Each structure stands twice: as C-alpha cells, then as structure tokens.
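Each remark here refers to the structure printed beneath this line.
The values are calculated or read from the model by the stated rules, or taken from the named source; none is laboratory data. Just so it is clear, the model here is predicted, and its values are computed rather than measured. Note: ideal-geometry Cβ built from the backbone for every residue, glycine included; neighbour counts use all protein chains shown.
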Amino acid sequence: MKSLRCLIGLFLFTAVISAPFAAHSQVLAQTPPMGWNSWNHFRDKVDDATIRRMADAMVSSGMRDAGYTYINIDDTWEGQRDAQGIIHPNAKFPDMKALADYVHSKGLKLGIYSSPGAQTCAHYEGSLGHESQDAETYASWGIDYLKYDLCGLRTEMKAAPSPEAAHKIMIDAYMKMHDALQATGRPIVYSLCQYGEDAVWEWGASVGGNLWRTTGDISDNYTRMSDIGFGQAGLAKFAGPGHWNDPDMLEVGNGKMNDEEYRTHMSLWAILAAPLLAGNDLSNMTDDTKAILMNKEVIAVDQDPLGKEGDRVYSEGPIEVWSKPLSDGALAVGIFNRHQKALTAHVDFTKMGFTGSVQARDLWQHKDLGALPSKYDVEVPAHGVLMLRVTR
C-alpha cells in the first residue's frame, strides 16, 4: 500500500510540473505566506470586530511592514445556505464583503476557512457538493486565501471500500475545490489542511496546493512545538516557490512558552521555509513578542527568494544543527538545544560544506561575530537557539 501510494504521489507530483493549472496557481505564494490566523488564540470567539481589530493591530504594530499580509478567519464563521445553496456567514459576521473591503483598505488580505466535507471540524457548514458555489461566493466577497480542512470528509473516507479508494476521495475533493477556485479568476492562496495524512507532501502540489499541513495541530507547548518542528527533517525536497510544507501556525506570544522557546519556534519555522501565520492577540503584544515576530533578519531567512527549505545537518544528543541555503550563497544555521538545561554545542562547519574559518552574524543579537573557526564550541540556553548567517 505504501509503495503504491508513493508511486502515485510521485507520478502526480511530476505531472503537476507540466499541468496547465499548476503554472497559474503557483504564481501565488512564491515565498511562504505570512499573516495571522484566528484559531490558536480566539478559537470560536472570533467575530467581525475581532478581525477588524487584528487588521488594525497588524498595521499599527509594524507587522504589515515586516511582511505579514494575511488576516485569516478560521472555523465558526459559517451560517446557513439559502434556497439556492449559497453559503451565508452567521451573525458574528454580518457583512463579509464589507469586512474584506476593510481589511483590503489596510493593505492586507483576507482569508477564510472551509472543509471538503459536509461539516467543518466545529460542525459548521462545509463545502461538500457546493464547491463551485462557495468558490464564487468567496471571490465575490474578495477573499484571498482558503484554508481547506479535511475534518468533515473523514466520514466519506471511512466508508470507502479500501485505503486506495479513501485516498482517491481525498485527492478528488481537494482537486475539485482547486478547480473551483481557479474558475473564479481571482487569485486565492490554497491551503490544504489534512494533517499530513497519506504523505501529502508527495501529492499536495498536484491538486494545486500552495501549502499543505504536514502534521497534526500545534499547541502552545515546547514539547509539542519542537516535536512538530524537528519532525520536518527530510521533507525539504517537496517544498519550493508556490508550494510549501506547513508545520502549522505560530504560537509566539500566547504565553505558555518562554522567550527562548519562542525564539526556537520562530527560528526553526524560518529555516523550514514554513508559512509564518501568527496565532496570538496582535492587539495585546509585549515588546518581546513583537521583537520575535518582527525580527527582520530571521524573517528574511524564511522569505529568501531561493525558496529552499532547510534541513537537519546533524545531531548530537539534544543538540541539533540545521541549515538553509540562501540566494546570495550564504547559509542560515540554527544550533538548537532541546535539553531543559544550557549545553555546550560542538558546531562543525565542515559538515555544512565550509573549509577553514567562516564569517558569521548572530540574527537574534543583530551582531557580526567576525571569523569563527571551522569547529566552534558555543553555549546554547535551555530550549534555546543560536541562529547564524554564515558565509565563507
């Protein structure tokens, strides 16, 4: 089954390069999307006023100028369908078009959420059987981003006669919404949220995905965040401009990790060329949270136009060394300490292709370190990171 799935995925991934729809859809998300999503902090307590407040805060805080663009509404916005089958927002969102206009007036973009099943994760109205209608509705509102969550389709998949048939149901459902979005003529970033099932990185691009979740849900907890982030090792070859691996949204600023852990979170996501979707209350951020989310040198690693995802170079117990190639020939290097106490990391730049000494800059201290020897010892804080930009 696994080998068959891999062969199918490889065939589809190869085919997408020449497919007519792929060239069009991948004009979008040439670098990993940046923005904000409502779920991590607000969950079902999101409404029109919250979204407007977050848009205001994204501008006033400086996040928009740092590169954050999307304001994304997650689950629980959905109301009922009318007699013609057209979806309407519930009372929390009295006028979605007016909301989109407001967000656009701030120089931002608006995202929305649905499911390929009859219901969403929170048991609101899904898009099953209404894909074209919903895509047209989103386009008419001025929506710029769709997160499409597998949840509600699992009923149909469980009823399938075989795993292969269930996989085909999922592929077909995601492709159907992609085609519907394309038919609107509006550029809408397409985010597949199906938790890494069936090795989505192998086929996500073939159904027009601009990004796809590679994991289950993140939480504001170091163990969960680090398990997800460091678990991305080996997936770099599937990502690139227009199609990105997505290890889920950022928890920075939600309060249950310390600043060292949040710097690890931000650094690792940047090296992974992951979408940077903040999940905190943008209207109530500490200076430390702002400094982490708006570190322009770290953001530049994530947004580097070469579009290469980084990967693990080596590990030594709880010390992990990751690197990401950059467009100017430099290398972003993350030296991570997964232990609960500070440790000395033995950094070997020869394992990253360097010979002799290197020039390094500390991206969190915003400080040039000058020449470092090819083998370099440095203390890294508990659950912390040293993030460098390294050149010959």
> Listed residues 91, 122; which is touching a residue at least 60 places away in the same chain (Cβ under 8 Å) and surrounded by fewer than 21 Cβ atoms within 10 Å (Cβ to Cβ)?
Replying inline: 122
>> Can you find, within region 336-391, the residue that is nearest to the chain's Cα centre (by Cα) among those that are under 15 Å from residue 317 (Cα atoms) and basic (Lys, Arg)?
In response: 338
> Among the residues of region 259-294, which ones are closer than 25 Å to residue 324 by Cα, in a loop (DSSP other than H, G, I, E, B) and not small (Gly, Ala, Ser)?
Replying inline: 272, 275, 294
> Only one of (1) part of a helix (DSSP H, G or I); (2) crowded, with 24+ Cβ neighbours inside 10 Å fails for residue 209. Which number is that?
Replying inline: (1)
>> Between 129, 117, 85, which is under 24 Å from the mean Cα position of the chain (by Cα) and not in a helix (DSSP H, G or I)?
In response: 117
> What are the pairs, 6+ residues apart or on separate chains, where a residue within region 39-54 that is within 14 Å of residue 284 (Cβ to Cβ) and free of Cβ contacts under 8 Å to residues at least 24 places away in the same chain has its Cβ under 7 Å from a residue that is assigned to a helix (DSSP H, G or I) and aromatic (Phe, Trp, Tyr)?
Replying inline: 50/42
> Can you tell me how many residues in region 346-392 are part of a loop (DSSP other than H, G, I, E, B), over 25 Å from residue 296 (Cβ atoms) and not hydrophobic (A, V, I, L, M, F, W, C)?
Replying inline: 6
> Here are 375, 351: which of them is more than 25 Å from residue 261 (Cβ to Cβ), charged (D, E, K, R), surrounded by fewer than 21 Cβ atoms within 10 Å (Cβ to Cβ) and in contact with an Asp or Glu (Cβ under 7 Å, 6 or more places away or on another chain)?
Replying inline: 375
> Of all the residues that make up region 43-79, how many are part of a loop (DSSP other than H, G, I, E, B) and either modelled with pLDDT under 95 or more than 26 Å from residue 127 (Cβ to Cβ) (or both)?
Replying inline: 4
> Mind checking which residues of region 172-195 are part of a loop (DSSP other than H, G, I, E, B) and surrounded by 21 or more Cβ atoms within 10 Å (Cβ to Cβ)?
Replying inline: 188, 194
> Mind checking which residues of region 140-171 are assigned to a loop (DSSP other than H, G, I, E, B) and over 22 Å from the mean Cα position of the chain (by Cα)?
Replying inline: 159, 160, 161, 162
> Considering only residues of region 300-337 that are touching a helix residue (DSSP H, G or I) at 6+ places or on another chain (Cβ under 6 Å) and not in a strand (DSSP E or B), which is farthest from residue 29 (Cα to Cα)?
Replying inline: 310
